[in-house]
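Undergrad: Quick one: the structure is below, questions incoming.
Just so it is clear, none of the values below were taken in a lab; they were calculated from the coordinates. Note that this is a predicted model, so its numbers are computed, not measured. Reconstructed Cβ throughout: ideal geometry from the backbone, glycine too, with neighbour counts over all protein chains shown.
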């Protein structure tokens, strides 16, 4: 039996320490404390020069030790579901998440369930311009003496750190202290081949680069995108019409090459498929019509740089690449013409490709020959190999982006919303069809909107997690946004005032975006159904029946896509002020927390927090398990016993279910200690100790009491 004070001890796991324990167990004492001296001694046996000099290249600032402290400090909140929203039929099975709360707290809650589960993170944090003051509560209420002891800084530095955390300072030090713990935890959430994109402007781009170098490693820097926004926000002599996006990988060595099929290439390919069908695979006719169409498109610059892909053979569209080297020093070898059996003409400066490359092309049927040996052979470049890379430059008209959001919401509630097109653009390079993206500075919800649009376009099943703090909207600074949220205000209990926040805009934008996307999908379905009606009037040949089956399958797929445009809502709530468990053993005389004041909503929050701590995704519903008249909550190998009223009869029902239900095989049983009498806990613990069920499972049951 194990007793845990989990609720007040939800911390981000130190997986780096786990790696050290795995490879250097001899460097830890019996209490699990790392012995740096032993570790250094281990390294001296290796050809590594270890120096204790403090001077090194990097970034340091007032508050760095404090930032590290709050990154590992325990969360001060619980997570609770928005039951009203989440139980609606539209959102009941949603796999997307919108979470209301301080993102540092939320990231700590996600650290176990989503460890190395996120493929891509995009964030647009405060730029520290002096006008985007911090609304995040990173002051952990330490005294100067406490901070000294925990971080090892002197009294003067500890005092200065606490002063700027309380003053919402926009200094570089304050901003770095704010960003460090969030980025540190974010890295742990990324998959090994995951990537983070961080938007920033000139105010902090230099500091951010050094900070990301430290957290992700300079070797994992991918690049810096210059994003021209066509908006001059700089009152100085130089017009600033751009922002930056810094890109870092979790592990660059695990990255595949970032490229994807060219949009222009896909445009030509689609036309080719259409013409091939019309001309019944006649190569000459298809090629003639394709070239005519390409010439027409090129006049409008739609296919600039790719119009030469206008040749066709049995394998598809290609163009014959130039074989000649452009200067002396090319490859020289003989190529025998397949018909004349004579050596083909050679380029003046030799071939630009090796003989091995030529042989590979020949084996694949990708060599274009002349009628005889007088023509230099060429290698065919296939259209389906035309790729585009993620560029270091991107242009976006901010006015169009603002207008798009204004049209969706019916009011200009955000002055500079992020671009859907930009997020879709970078997501296409990074995200596979069912990957997970995280944005913990959600703002107007652009990332969620972009993911839903992208899925609707290509049939993907990408999912998002958005986090937004309930930042109050200042009526004087943005009356339009204030009035907009007021118009959405739900009924509030008497005496409570509804405070408009940015979160409500995030939520409403996602709801309206989903509705708009689903309306478009419904229009597609209606079009397909009309096509079905037309086909059903025709003679039902094999071809017609096959086309009907294909259309019906497409409709079914689109219906499934509609269900993806939904999301569950969770939010953080403070841990109860007097919730402080100090008992180290079961003592019936101990004066513990008054559990009678906990509501059903409070227990749901506790259960949600614990299951997430145990690695169960927030979108994963727990199954209700009937144990006589008592209810347990189960998923996979865990069973939670949260409610009052556990009795001997309940225990008998539990053991019987373990013995007889082939689908019920918990390995860990968690009991909420405050809702159990001491004798019931002892009885439960003794019964489960070394319990062998009748199904022959070989594992022992792990029983723990939590507070």
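Undergrad: Counting other beta carbons within 10 Å of each residue's own, what order do 482, 640 fall into, fewest first?
TA: 482, 640
Undergrad: Which FRET efficiency value, to the nearest 0.05, is calculated for residue 537 and residue 280 with the Förster distance at 35 angstrom and r the Cβ-Cβ distance?
TA: Working: r = 25 Å, r/R0 = 0.70.
Computed FRET efficiency for residue 537 and residue 280: 0.90.
Undergrad: Same structure, new question: Nearest 10 degrees, 0 to 90: what angle lies between the long axis of helix 502-536 and the longest principal axis of the chain (Cα atoms)?
TA: Roughly 50 degrees between the two axes.
Undergrad: Take peptides 660-667, 60-67, 678-685 and line them up by average Cβ neighbours within 10 Å, highest first, as a rough protection proxy.
TA: With the highest mean Cβ count within 10 Å placed first, the list reads 60-67, 678-685, 660-667.
Undergrad: Sort 115, 23, 85 so the one with the fewest other Cβ atoms within 10 Å of its own Cβ comes first.
TA: 23, 115, 85
Undergrad: If each residue of separation counts as 0.36 nm, what is the full-extension length gain between residue 599 and residue 400 once their alpha-carbon separation is subtracted?
TA: So the extension gain works out to 66.9 nm.
Undergrad: If you average the sequence gap of Cα pairs under 8 Å that are 6 or more apart and divide by the length of the chain, what percent do you get for the contact order?
TA: 18
Undergrad: First measure r as the distance between the Cβ atoms of residue 363 and residue 324, then evaluate 1/(1 + (r/R0)^6) with R0 = 25 Å and state the FRET efficiency to the nearest 0.05.
TA: That gives a FRET efficiency of 0.65.
Undergrad: For residue 36 and residue 691, FRET efficiency with R0 = 60 Å and r from the beta-carbon atoms, rounded to 0.05?
TA: Taking R0 as 60 Å, the efficiency between residue 691 and residue 36 is 0.90.
Undergrad: I want to check the label-to-label distance for residue 292 and residue 334. Put each point 7 Å from Cα in the C-beta direction and report it in nm to one decimal.
TA: Taking the simple label geometry, residue 292 and residue 334 are separated by 4.6 nm.
Undergrad: Please report, in Å, the Rg and the Dmax of the range 262-381, where both are computed over Cα atoms only.
TA: Values for the range 262-381 (Cα only, Rg and Dmax): 16.3, 47 Å.
Undergrad: Any chance you could give the angle, 0 to 90 degrees and rounded to 10, that helix 678-688 forms with the longest Cα principal axis of the chain?
TA: 50
Undergrad: According to a simple spin-label model (label point 7 Å from Cα along Cα-to-Cβ), what is the distance in nm between residue 388 and residue 700?
TA: Distance between the two pseudo-spin positions: 6.0 nm.
Undergrad: For a label point 7 angstrom out from the Cα of residue 304 toward its Cβ, which stretches of the range 373-407 have the backbone nitrogen within less than 15 Å?
TA: Answer for this model: 395.
Undergrad: Ranked highest first by the average count of other Cβ atoms within 10 Å around their residues, in what order do 251-260, 505-514, 443-452 fall?
TA: 443-452, 505-514, 251-260
Undergrad: Extension gain residue 19-residue 228, at 0.36 nm per residue separation less the Cα-Cα distance, in nm?
TA: Stretched out fully, the residue 19 to residue 228 stretch lengthens by 71.0 nm.
Undergrad: Next question. Along the Cα→Cβ direction, 7 angstrom out, place labels at residue 554 and residue 115. What is the inter-label distance in nm?
TA: Roughly 4.6 nm, to one decimal.
Undergrad: Hey, another quick one. Taking the chain as the reference, fit the longest principal axis to its C-alpha atoms, fit the long axis of helix 648-660 to the helix C-alpha atoms, and give the angle between the two in degrees, 0 to 90, nearest 10.
TA: Approximately 30 degrees, to the nearest 10.
Undergrad: Between (i) 75, 71, 52; (ii) 71, 58, 53; (iii) 102, 75, 63, which entry matches Cα extents along the principal axes in Å as derived from the coordinates of this structure?
TA: Calculated Cα extents along the principal axes in Å: the matching label is (iii).
Undergrad: Run the helix sum for the chain: -39,500 (n - 2.57) per DSSP H stretch of 4+ residues, divided by residue count, reported at 222 nm to the nearest 500 deg cm²/dmol.
TA: About -12000 deg cm²/dmol.
Undergrad: While we're here: For residue 525 and residue 87, compute 0.36 nm times the residue count separating them, minus their Cα-Cα distance, and round to one decimal in nm. Mind dumping the intermediate values first?
TA: Values: separation 438, 0.36 × 438 = 157.68 nm, distance 2.68 nm.
Computed gain between residue 525 and residue 87 is 155.0 nm.
Undergrad: Next question. Order these peptides, 631-639, 385-393, by their mean beta-carbon neighbour count within 10 angstrom, highest first.
TA: The most tightly packed comes first, giving 631-639, 385-393.
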